[in-house]
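Take a look at the structure set out below.
Derivation of every value follows stated rules applied to the coordinates shown; laboratory data play no part. Keep in mind that this is a model prediction, so the values were computed, not measured. Virtual Cβ from ideal backbone geometry, glycine too; neighbours counted across all protein chains shown.
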Amino acid sequence: MNNNYRYSDYSVEQLRQEIGRLKEKAQKAEQLGNISEAAVNERKMQVALAYTLNPEDFTVNETYEFITDPGWSFKVDYINGVFAWGHRVNLLGEVYEKQEAVPISLLGKMVKEK
């Protein structure tokens, strides 16, 4: 892909191609033991994947499973583009103070209130 484009300019097919390319790069880097390069490509892949999703499918003030970290969930404060801003929540229901942005592709199913 041409690096002069933003993922928001890509078609769905171009995004799928980019996701496949990044996945391949991440797997090769991991096989070669280059963990940091693998992590960078994994993160880029998640951002590209977020552009294939509809931000309107995610609800503010709801909590979602964190697909990459089963010990945490994520409470959404607001959505900005394909990023959810909010706070991590641990298994005890304790909310992490620091607000962060994560690609919506990292959010799984909505967590049911207990």
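Put a dot 7 Å past each Cα toward the Cβ at residue 109 and residue 30; how far apart are the dots in nm?
2.4
Relative to the first principal axis of the alpha-carbon coordinates of the chain, what is the inclination of helix 12-31, with its axis defined by its Cα atoms, in degrees from 0 to 90 and to the nearest 10?
Its long axis makes an angle of about 90 degrees.
For region 1-97, build the charge dipole from Cβ charges (+1 Lys, Arg; -1 Asp, Glu) around the Cα centre, then report which of 36, 72, 84 sits farthest towards its positive end.
Farthest towards the positive end: 36.
What relative contact order, as a whole-number percentage, does region 11-114 give when Cα pairs under 8 Å and 6 or more residues apart are counted?
Relative contact order, region 11-114: 22 percent.
Fully extended, how many nm does the chain gain between residue 97 and residue 8 (0.36 nm per residue separation, minus their Cα-Cα distance)? Each step should come with its number before you reach the end.
Numbers: separation 89, 0.36 × 89 = 32.04 nm, distance 3.03 nm.
Using 0.36 nm per residue and subtracting the Cα-Cα distance, I get 29.0 nm.
Please compute the volume of the convex hull spanned by the alpha-carbon atoms of the chain and report it per residue in Å³.
Per residue, the Cα convex hull of the chain comes to 119 Å³.
Compute the label zone of residue 23 within region 46-80: residues whose backbone N is under 14 Å from the point 7 Å along Cα-to-Cβ.
So the set is 46-50, 52.
Cα axis of helix 35-50 to longest principal axis of the chain: angle in degrees, 0 to 90, nearest 10?
70
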